[in-house]
Amino acid sequence: MARRREGRLFDLEVDILAAGIDLQHDDGDFYGFALAKRIAERNEAAALTAHGTLYKALARMTEAGLLESTWEEAVLAEAEGRPRRRLYRVTGAGELAHRAELAAREPAPAARPKAAFA
């Protein structure tokens, strides 16, 4: 497994936060399968993220305060004939971490060559 650099996010975590922010903006809370589909849509080269990998990352990010989670109302799930979903939201700390990670990944501007004096 890749080692985490202090204060940095793994690629999957960046993808989760980006897709989560999109979903949250569109629909409010989001759930794991919708998140996996959005990640795949955003990155056409990627297949759906393995569920075990995704849900471990969601749990880790919730514990770190980047996401918060709740269970949906049982009545909603029963009305649709399916199990309850765990719903997630990106927290303010998650949005800040996402922006900071994107900024850290930006390539440094190329140094301008010094003008030669005649």
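Quick rundown of the values:
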{"quantity": "Members of segment 86-107 found to be among the acidic types (Asp, Glu) and free of Cβ contacts under 8 Å to residues at least 24 places away in the same chain, listed by number", "calculated": "Glu106"}
{"quantity": "Subset of segment 78-91 (residues that are more than 13 Å from Ile16 (Cβ to Cβ) and assigned to a loop (DSSP other than H, G, I, E, B))", "calculated": "Gly81, Arg82, Pro83, Arg84, Arg85"}
{"quantity": "The lone exception for Tyr88 - which of (1) surrounded by fewer than 18 Cβ atoms within 10 Å (Cβ to Cβ); (2) touching a strand residue (DSSP E or B) at 6+ places or on another chain (Cβ under 8 Å) it fails", "calculated": "(1)"}
{"quantity": "Positions within segment 62-85 being surrounded by fewer than 10 Cβ atoms within 10 Å (Cβ to Cβ) and either among the small types (Gly, Ala, Ser) or touching a residue at least 60 places away in the same chain (Cβ under 8 Å) (or both), in sequence order", "calculated": "Ala79, Gly81"}
{"quantity": "Of all residues in segment 1-32 being modelled with pLDDT under 90 and among the basic types (Lys, Arg), the one that is surrounded by the most Cβ atoms within 10 Å (Cβ to Cβ)", "calculated": "Arg4"}
{"quantity": "Extreme residue, nearest to Arg4 (Cα to Cα), among residues of segment 33-90 that are at pLDDT 95 or above and of a type in the set (Phe, Trp, Tyr)", "calculated": "Tyr88"}
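Every residue, every condition in (1) more than 15 Å from Val14 (Cβ to Cβ); (2) not in a helix (DSSP H, G or I), yes or no:
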position	(1), (2)
Ala34	yes, no
Glu41	yes, no
Gly52	yes, no
Leu58	no, no
Met61	no, no
Gly65	yes, yes
Leu76	yes, no
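The values are calculated or read from the model by the stated rules, or taken from the named source; none is laboratory data. Computed from a predicted model, the values in this text were never measured in an experiment. All Cβ positions, glycine included, derive from the backbone under ideal geometry; neighbour counts span all protein chains shown.
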